[in-house]
Amino acid sequence: MFIRSILVLIAAIFFAISPVFTPGFGGYDPSQFPVAIENPPAQPAGYAFSIWGIIYLWLIVMAGFGAWKRRDVAGWDATRLPLLGSLAIGAFWLAVAFVSPIWATVLIWAMLAGALLALLRTPAADLWLLRAPLGLYAGWLTAASAVSLGILLPGYGIGPFGPEGWAIVALSIALAITVAMQRARPSQMYGLAVFWALVAIYVQNGATVVGIFAIGAAVVVAALTLLRFKASQR
């Protein structure tokens with residue numbers, strides 16, 4: 001357990017400092033795709049990415065506390081292997097994203113799988129030091145994974161939909177995952193992260209079909225998160 005707790009801490013630190021080595025990433029460049037799409041509708045407004053600062057810091061605090069005070073606690077240890085895999089991929093994800101949107105999409109879905117599994121394994125204890133940071137991380141990855149797919153597919157001219165259609169498909173996937181996760185393991189921070197992303201997609205698109213769909217999905221996520229939180233307090 002001790003070794004796993006230290007590895008998670010190391011991975012969280014490397015994950016947090018990875019932007020230093022690959023600065024300037026603000027989403028995929030249209031020139032990376034056969035079909036160049038300026039301002040893809042699936043992508044949130046740029047300010048939304050500032051959430052990473054909170055996620056990085058909170059994950060390091062969580063991992064540090066876990067290695068210091070919870071290294072032998074089974075509930076914490078159950079989250080470590082999937083989280084370690086997710087963070088290890090995340091440490092070099094930016095470098096991959098600059099080179100290959102296809103591999104970046106595959107890897108961000110792998111990161112999401114690890115984060116969701118870790119979140120599902122969180123115990124009720126230490127809510128703000130374990131489930132909350134994991135929820136924020138997993139929630140943002142839920143949105144980011146869907147966004148990556150919603151940009152990749154129209155960028156390669158795949159399927160019957162254009163950029164707007166794929167954006168709605170991507171948001172529907174994110175919403176479906178969010179509903180399933182909030183039913184299985186309610187997390188305020190998970191819901192907040194998805195809500196944050198959906199509102200930013202609305203800001204980016206305004207009163208378009210994608211924007212209206214995004215703000216509608218955001219309302220659903222907010223209502224579900226509030227209802228599940230109230231139910232968990234009973």
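The values are calculated or read from the model by the stated rules, or taken from the named source; none is laboratory data. Model, not experiment: these values are computed from the prediction. Note: ideal-geometry Cβ built from the backbone for every residue, glycine included; neighbour counts use all protein chains shown. Surface accessibility is based on the protein's heavy atoms, side chains included, excluding ligands, DNA and RNA. Shrake-Rupley method; radii C 1.70, N 1.55, O 1.52, S 1.80 Å.
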Return yes or no: is Leu227 modelled with pLDDT under 95 and assigned to a helix (DSSP H, G or I)? yes
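Taking the stretch 125-143 as the region of interest, how many residues are open to solvent by 20 Å² or more (accessible area, probe 1.4 Å) and either in a helix (DSSP H, G or I) or modelled with pLDDT of 95 or more (or both)?
4
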So if I check each of Val169, Val221, Val199, which one is out of contact with any Phe, Trp or Tyr (no Cβ under 8 Å at 6 or more places or on another chain) and farther than 14 Å from Leu116 by Cα? Val199
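To keep it simple, each residue is scored yes or no on (1) within 13 Å of Trp140 (Cβ to Cβ); (2) of a type in the set (Phe, Trp, Tyr); (3) open to solvent by less than 30 Å² (accessible area, probe 1.4 Å).
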position	(1), (2), (3)
Trp196	yes, yes, no
Ala200	yes, no, yes
Ala207	no, no, no
Val210	no, no, yes
Val219	no, no, no
Ala223	no, no, no
Leu226	no, no, no
Out of the residues in the stretch 66-124 meeting the condition of being touching a helix residue (DSSP H, G or I) at 6+ places or on another chain (Cβ under 6 Å) and not in a helix (DSSP H, G or I), tell me which one is least open to solvent (accessible area, probe 1.4 Å). Thr122
Determine whether the stretch 36-45 contains at least one residue that is touching a Gly at 6+ places or on another chain (Cβ under 6 Å) and either open to solvent by less than 20 Å² (accessible area, probe 1.4 Å) or in a helix (DSSP H, G or I) (or both). yes
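Kindly evaluate Ser148 against the criterion of being part of a helix (DSSP H, G or I) and surrounded by fewer than 24 Cβ atoms within 10 Å (Cβ to Cβ).
Taking the combined requirement at face value, the residue does not satisfy it.
Restricting the search to the stretch 178-192, which residues are of a type in the set (D, E, K, R) and either open to solvent by less than 60 Å² (accessible area, probe 1.4 Å) or part of a helix (DSSP H, G or I) (or both)?
Step one: of the stretch 178-192, the residues of a type in the set (D, E, K, R) are 183, 185.
Within the stretch 178-192, Arg183 is the sole residue that qualifies.
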Name the residues in the stretch 26-35 that are farther than 15 Å from Val99 by Cβ, assigned to a loop (DSSP other than H, G, I, E, B) and open to solvent by less than 60 Å² (accessible area, probe 1.4 Å), would you? Gly26
Subset of the stretch 63-90 that is closer than 12 Å to Arg4 by Cβ and among the small types (Gly, Ala, Ser) - its residue that is nearest to the chain's Cα centre (by Cα): Gly85
Which one is modelled with the lowest pLDDT, of the residues in the stretch 1-25 that are surrounded by fewer than 11 Cβ atoms within 10 Å (Cβ to Cβ) and over 18 Å from Phe92 (Cβ atoms)? Phe2
Considering only residues that are open to solvent by 50 Å² or more (accessible area, probe 1.4 Å), over 20 Å from Phe195 (Cα atoms) and touching a helix residue (DSSP H, G or I) at 6+ places or on another chain (Cβ under 6 Å), which ones fall in the stretch 51-65? Ile60
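In the list Ala146, Ala104, Ala97, Ala115, which residue meets the criterion of being of a type in the set (A, V, I, L, M) and closer than 26 Å to Trp76 by Cβ?
Values: Ala146 fails: closer than 26 Å to Trp76 by Cβ; Ala104 fails: closer than 26 Å to Trp76 by Cβ; Ala97 fails: closer than 26 Å to Trp76 by Cβ.
The match here is Ala115.
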